[in-house]
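The values are calculated or read from the model by the stated rules, or taken from the named source; none is laboratory data. Just so it is clear, the model here is predicted, and its values are computed rather than measured. Note that we place each Cβ from the backbone using ideal geometry, even for glycine, and neighbour counts take in every protein chain shown.
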Amino acid sequence: MAKKIDQQLALQGGMKAVSTIEGKGEPKIGVEEFMSVAERFGFSEKALKKMRDAAEADDLGGGPFLANYYSDLPETKVKAYERIARETFGAKYAIGVTSGTAALNCAFVAAGVGPGKEVICPAIGFYATAAAVVHSKGIPIFCDVDESLGMDPKKIEGLITPRTVALAPTHVMGTVADMTAIMRIARKHKLKVVEDCAQSCGGKVKGKHVGTIGDLGCFSISAYKIVGGGEGGLILTDDLRLYERCQGIAECGGLWRPDRFAPPRYKGELFSGTNYRMPELEAAIDIVQLRRMPGTVKRFHNVKMRILKQLKTFREIRPQTLNDPDGEVGYALRFFPETIGLGERIVEALRAEGIGCGMRGEHGAPDWHVYHSMFPITTKTGATSEGCPYTCPLYTGNGGAVEYQRGDCPVADDLFDRNISVGLNQWFTAQDCRNIAKGVNKVLGAFCTEDPRAKAWV
Ligand SMILES: Cc1ncc(COP(=O)(O)O)c(C=O)c1O
C-alpha cells in the first residue's frame, strides 16, 4: 500500500516535516540595545558610528555578531585592525589580542619560554611583563636600569645563563629603550627579544617603530594608554614561524588556520593554546585609535621637545637620559634631583606654580611598576601548592635558583623613588610650553645651582 505523502521520507519525495520555524523570538542582543550600552561610555560620535557599523555589518540572525571568528565578511574589524597595524608600524605580521598581557604571553611562548627557561626583564616597567613570563612557565630575572629608566645594557650580560632564552626590554613611560645595544647583546648570545611597547606606542629608535626592532613587539591598547579604546593588545613580528606560534596561543592552538580542525601541517605546529581573540567591538574602536596614533605622538613629542629646549641645566639635577630624543613619545618630563629631600621641595614649589608633577619618595606605597613590589612574583608563590614554575625540576635541576628582594637592582631602587615626573599634555600650546619651562627654570633656579656643564636635557 502506498504511504501517505506526509509519512513518506522527504528523501523519497515526501513532505518535509519542518518547512518553516514559527518561533521568532528576539535577537540575542539588538543593535539599539547594544548601542545604548556603548553610548554610556561617552565615546565620540565617530567611534559610536564605527561601533554601529560593526554591530550592523554582521548579523547572522541572532543580533550583531561581534566576533572575528566564523565571520564571512571579506574583512572583519579585527582583520582591518591588524592590517592597519601592519601598515602603521611597518611589520609583516600583526595579531590583535585581548590585552597587552595576553600579547606578552603569546610572544614569550613563541620565543621559546617554558619550563626551566629564564627571561631578562627590566627592574622598572610593569608587573605584566614578568607575570607573562611566569604564565609562560618561565622565570623572570630582573635587570637594573640606567638613567633612562630602561634596562641598562651594561648589566645584561652578567645575568645571561644557559637557561636564558629572551630579553624583554620595556620602553618605559613614553621613552625608548637602548635597542641598539640590547639587540647587539641579544644577537651575540642568540637570544630572542620581546619588546614591551605598552607604555610607548608610536615611539621610534633610529626612525624604526618600537615593536619592530626585536623579534616580537607587544602593545597594550587599553583605555588608560595614550592609544587605547577599552581593553586590547597587539603583537607584531616579521617572522612567520613566530607569528604562527603566537597564533597557536591566541587562537586555541590552531583555529586561526584556513582549515581550522586540520591535523598539524608540519611537525610542532599544534600545541595547546588558549583564547585571546580580540572582539570586533574593541577592534572597531582601536582602528580609530591606531589611525590617530601618529598625530597624537607627534603632538606629545613636540610639546616635550619644545619644553626641554627651554630648560636650563643645574648641578643638582640629572635629566632622564633619552636614548633617542627624536623617537620619544614624551608624555612626561622626568628628572632626578640629587636627594629625595630636595625633590620634595621642588615638587611642592612646582605644584604651587601650577605645574602638575609627582615624586614617589622614600615612603611611597607599594607599586607594581618596580620589581621589588611585584609581590605575585617576588614571593615566588605558584598558583597551586607545588610552587611551579619556581620549583620545576627542569629549572632547579639545571642550576636555576632565584630570589627577589629590594637591593637586587640598586639603581632602580634609588631612581624609582627619586624621579620627579611632570605630566605633559599633547594639547599644550607654544605659550603653555613657555610657561611650564619658565616655571621649571624658576623653581630649579631657587633650589639648585645653575651650571651650563651639568647634564643636558636633550
Ligand atoms: C609595560 C606594560 N606592559 C604590559 C602591560 C599590560 O597591558 P594590559 O593591561 O593591556 O594587559 C602594561 C599595562 O599597563 C604595561 O604598562
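Of the conditions (1) under 24 Å from Arg245 (Cβ atoms); (2) without any contact (Cβ under 8 Å) to a residue 60 or more places away in the chain; (3) more than 8 Å from the ligand (Cβ to nearest atom), Val194 satisfies every one except a single condition; which number is it?
Going through the list (1) under 24 Å from Arg245 (Cβ atoms); (2) without any contact (Cβ under 8 Å) to a residue 60 or more places away in the chain; (3) more than 8 Å from the ligand (Cβ to nearest atom), Val194 breaks only (2).
Is it the case that some residue within the stretch 137-144 is crowded, with 24+ Cβ neighbours inside 10 Å and free of Cβ contacts under 8 Å to residues at least 40 places away in the same chain?
no
Checking the condition within 16 Å of the ligand (Cβ to nearest atom) and farther than 30 Å from Gly423 by Cβ, which residue from Pro279, Pro258 passes?
Pro279
Can Gly387 be described as at pLDDT 95 or above and out of contact with any Phe, Trp or Tyr (no Cβ under 9 Å at 6 or more places or on another chain)?
So Gly387 does not fit the description; no.
Taking Pro294 and the conditions (1) closer than 25 Å to Glu147 by Cα; (2) not in a loop (DSSP other than H, G, I, E, B), which numbered condition does it fall short on, given that it satisfies the others?
Of (1) closer than 25 Å to Glu147 by Cα; (2) not in a loop (DSSP other than H, G, I, E, B), only one is false for Pro294: (1).
Condition first: in contact (Cβ under 8 Å) with a residue 12 or more places away in the chain, within 11 Å of the ligand (Cβ to nearest atom) and either within 18 Å of Gly327 (Cα to Cα) or part of a loop (DSSP other than H, G, I, E, B) (or both). Now tell me which residues in the stretch 197-228 satisfy that.
Selection gives Cys197, Ala198, Gln199, Ser200, Cys201, Cys218, Phe219, Ile221, Ser222, Lys225, Gly228.
Any residue at all in the stretch 148-162 that is without any contact (Cβ under 8 Å) to a residue 40 or more places away in the chain, surrounded by 21 or more Cβ atoms within 10 Å (Cβ to Cβ) and either among the hydrophobic types (A, V, I, L, M, F, W, C) or touching a Cys at 6+ places or on another chain (Cβ under 7 Å) (or both)?
yes
Can you confirm whether Ala262 is within 19 Å of the chain's Cα centre (by Cα) and either assigned to a helix (DSSP H, G or I) or at pLDDT 95 or above (or both)?
no
Quick one: would you say Gln426 is buried (at least 17 other Cβ atoms within 10 Å of the Cβ) and assigned to a loop (DSSP other than H, G, I, E, B)?
The answer is yes for Gln426.
Take Ala223 and decide whether it is more than 22 Å from Val134 (Cα to Cα), surrounded by fewer than 19 Cβ atoms within 10 Å (Cβ to Cβ) and either in contact with a Leu (Cβ under 9 Å, 6 or more places away or on another chain) or at pLDDT 95 or above (or both).
No; evaluated as a whole, the condition is false for this residue.
Sort through Lys50, Lys46, Lys16 and tell me the only one that's over 22 Å from Gly96 (Cα atoms) and modelled with pLDDT of 75 or more.
That would be Lys16, the only listed residue that is over 22 Å from Gly96 (Cα atoms) and modelled with pLDDT of 75 or more.
Read through the list (1) aromatic (Phe, Trp, Tyr); (2) closer than 15 Å to Asn105 by Cα; (3) surrounded by fewer than 16 Cβ atoms within 10 Å (Cβ to Cβ), then give the number of the only condition that Phe261 fails.
(2)
Go through (1) assigned to a helix (DSSP H, G or I); (2) within 24 Å of Phe219 (Cβ to Cβ); (3) at pLDDT 90 or above and name the single condition Leu11 misses.
(2)
Filter the stretch 328-386 down to the residues that are aromatic (Phe, Trp, Tyr) and either in contact (Cβ under 8 Å) with a residue 40 or more places away in the chain or closer than 15 Å to Leu149 by Cβ (or both) and list them by number.
The answer is Tyr331, Phe335, Phe336, Trp368, Tyr371.
When you go through (1) buried (at least 16 other Cβ atoms within 10 Å of the Cβ); (2) in a loop (DSSP other than H, G, I, E, B) one by one for Asp417, which number turns out not to apply?
Failing condition for Asp417: (2).
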